[in-house]
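Trainee: Okay, here's the structure, questions in a sec.
Throughout, read-outs are computed from the coordinates displayed, never taken from laboratory work. Since this is a predicted model, take the numbers as computed values, not measurements. Here the Cβ positions follow ideal geometry from the backbone for every residue, glycine too, while neighbour counts run over all protein chains shown.
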Amino acid sequence: MIKPINATMPGKSGTDAYISPMLDIDGVSVHSLAERFGTPLFVVSEKQLRRNIRMAKRAFSTRLPKVVFAWSYKTNYLDAVCRAFHQEGSWAEVVSGFEYDKALSNGVPGDHIVFNGPSKNREDLEKALKNSSLIHIDNLDELYMLVELAGELQCRPQVAVRVNLNAGTLPVWDRFGFNLENGQALDAVSKIMSFGCMDLRGLHCHIGTFILSSKAYGIAAQKLADFACDIRRLFGVAVEYIDMGGGFASKNTLKASYLVGADICPSMDDYAEEIADAFHKAPFGKGEFPALLLETGRALVDDAGFLIASVLTNKRSAQGGRYTVMDAGVNLLFTSFWYNHKISPAQLYSQHFENTTLYGPLCMNIDVVREQVSLPLLNKGDLLVVHNVGAYNMTQWMQFITLRPNIVMIEENGGTKLIREAEKFDDVTRLERL
């Protein structure tokens, strides 16, 4: 791992490492939030959520005739977050029966739910069929189960084939779906056509996660467009939509990255240009241009999430290095295992900075939020703000050693609402049996 050493000439107060303190989020004081709701505290910006989806829709809809966004529930399935995206016109993309029920409870029509994932059971599929949802077939066993259910329920499943392919990125994601290059995907389509009991509506791929190359999406879109044309030629069926999945990067900085995420993350326009260019170059027949479906999650929600934490103590390592312990750890910040999250003090401070290892409160040595971060001198009770935590942390968090905290949303009008209550002792223990 290669990391830059940012060394500048020291002045009378040491090196100039000043960063602006974060005193408010969307105009609401960080200290007032901490006083009202306690710490640690997740904060979600409704304004940023809506700004992100509107910018994404503009980027794609100005380049392609029909674009549909389906909100990725696994990225953040808080109802308040999901409903904000649904109000902006997004469908729902789910990968489990639990998420499917979440989407229904949020008022999403069944035919606006895209059911992905490798572990759909019979009950899940029955529910999806009864609600006329789009089912993206991941494997042959799932395909055969749908054939059986089509006969039992006297219905025609509306399906797409999930395809994995080589888009020039490493590692190649070939666990999910059917491989395009070795003929598995064509074999799956052939079986669907020969059974004749379901309607092939689309093709789907998801080339990976946190993809920093927009060109990879151009390659994948070109391959899927060509495959759609092959299906039209071989079977006489025009694919209605191509689902390019998600995987767009956010502005977080990966631990293995030399440059900060904000400098190397492609814009939504970059992704849109590559995909649209591939679609427009494909030999689709007149009136057969497919819709584009997108399931991007991280890029739409990461920068809308913040975590406010309190400093618990400062220590010195055996070698003299500085340790700061705060009340939020990897149990709440699962993404700190692969991101160097931006950390901002939430109060004014002096110019004296020091390289610091930032720990969480857990009684385990791997509870490290940042291995090295330049921070000012902090006292017990001071506040820190962790940036870009909206994706995956609120779904992958753990009830481990401590209880999970409050989550609030700052609304577009500036109001603050509690959208998930902090866990209490009884919430954890009431499921136990002696």
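Trainee: Comparing His31, His341, His136, which has the greatest mean-square fluctuation in the GNM of the chain with Cα pairs linked when under 10 Å apart?
Mentor: In this elastic network of the chain, the residue with the biggest mean-square fluctuation among His31, His341, His136 is His31.
Trainee: Also: Please report, to two decimal places, log10 I(q)/I(0) for region 334-434 at q = 0.18, 0.24 Å⁻¹ as given by the Debye formula with identical point scatterers on the Cα atoms and no solvent.
Mentor: Taking Cα atoms of region 334-434 as identical point scatterers yields -1.12, -1.43.
Trainee: Given the rule -39500 (n - 2.57) for each run of at least 4 DSSP H residues, summed and divided by the residues of the chain, what is its mean residue ellipticity at 222 nm, to the nearest 500 deg cm²/dmol? Don't skip to the end; give the middle numbers.
Mentor: Details: 13 runs with 130 residues, N = 434.
The per-residue figure over the chain is -9000 deg cm²/dmol.
Trainee: A follow-up question, please. Against the empirical 2.2 N^0.38 Å scaling, what ratio does the C-alpha Rg of region 155-205 come to? Let's see the in-between values first.
Mentor: On the way: Rg = 12.1 Å, N = 51, 2.2 N^0.38 = 9.8 Å.
Normalised by 2.2 N^0.38 Å, the Cα Rg of region 155-205 equals 1.24.
Trainee: Starting with the fewest neighbours, write out Arg36, Arg404 ranked by other beta-carbon atoms found within 10 Å of each beta-carbon. Display every interim value, and only then the final one.
Mentor: Values: Arg36 14, Arg404 20.
Fewest to most other Cβ atoms nearby, the residues stand as Arg36, Arg404.
Trainee: Order these peptides, 223-236, 421-434, by their mean beta-carbon neighbour count within 10 angstrom, highest first.
Mentor: Listed from highest to lowest mean packing, they are 223-236, 421-434.
Trainee: Debye calculation, C-alpha points only, no solvent: report log10 I(q)/I(0) for region 243-394 at q = 0.19 Å⁻¹, in the same order as the q values.
Mentor: Here the Debye-derived log intensity ratios amount to -1.16.
Trainee: Where is the GNM fluctuation largest for the chain (alpha-carbon springs, 10 angstrom cutoff): Asp263, Asp367, Asp327?
Mentor: Judging by the Gaussian network model, the answer is Asp263.
Trainee: Once the Cβ-Cβ distance between Ala256 and Arg36 is put in as r, and R0 is 51 Å, what FRET efficiency do you end up with, to the nearest 0.05? It would help to have the intermediate numbers written out before the result.
Mentor: On the way: r = 38 Å, r/R0 = 0.75.
FRET efficiency, Ala256 to Arg36: 0.85.
Trainee: How far apart, in nm, are the 7 Å Cα→Cβ label points at Glu288 and Ser267?
Mentor: Going from the Glu288 label point to the Ser267 one covers 3.5 nm.
Trainee: Would you please put 359-366, 406-413, 139-146 in order of how densely packed they are, using the mean number of other Cβ atoms within 10 angstrom per residue and starting with the highest? All intermediate terms of the calculation are to be shown ahead of the outcome.
Mentor: Numbers: 359-366: 14.9, 406-413: 18.6, 139-146: 16.4.
Highest-to-lowest ranking by the protection proxy: 406-413, 139-146, 359-366.
Trainee: If you don't mind, another one. Determine by what factor the alpha-carbon radius of gyration of region 116-296 differs from 2.2 N^0.38 Å, reporting the quotient. Walk me through the numbers before you get to the answer.
Mentor: Details: Rg = 17.2 Å, N = 181, 2.2 N^0.38 = 15.9 Å.
Rounded to two decimals, the normalised Rg is 1.08.
Trainee: Have a look at the chain and give its Rg and Dmax from the Cα atoms, expressed in angstrom.
Mentor: Using the Cα atoms of the chain, the pair Rg, Dmax is 23.9, 81 Å.
Trainee: Under a point spin-label approximation (7 Å from Cα along Cα-to-Cβ), what is the Asn379-Cys197 distance to one decimal in nm?
Mentor: My value for the distance between the label points is 7.3 nm.
Trainee: Just order 282-288, 181-187 by mean Cβ neighbour count inside 10 Å, highest at the front, would you?
Mentor: Working: 282-288: 11.6, 181-187: 15.4.
Averaged packing, sorted descending, gives the order 181-187, 282-288.
Trainee: OK, next. Nearest 5 percent is fine: what portion of the DSSP beta bridges confined to the chain is antiparallel?
Mentor: On the way: 30 of 67 bridges.
Antiparallel: roughly 45 percent of the beta bridges in the chain.
Trainee: Cα-based count: Lys pairs in region 116-296 below 25 Å, eight or more positions apart or different chains?
Mentor: For region 116-296, qualifying lysine pairs total 11.
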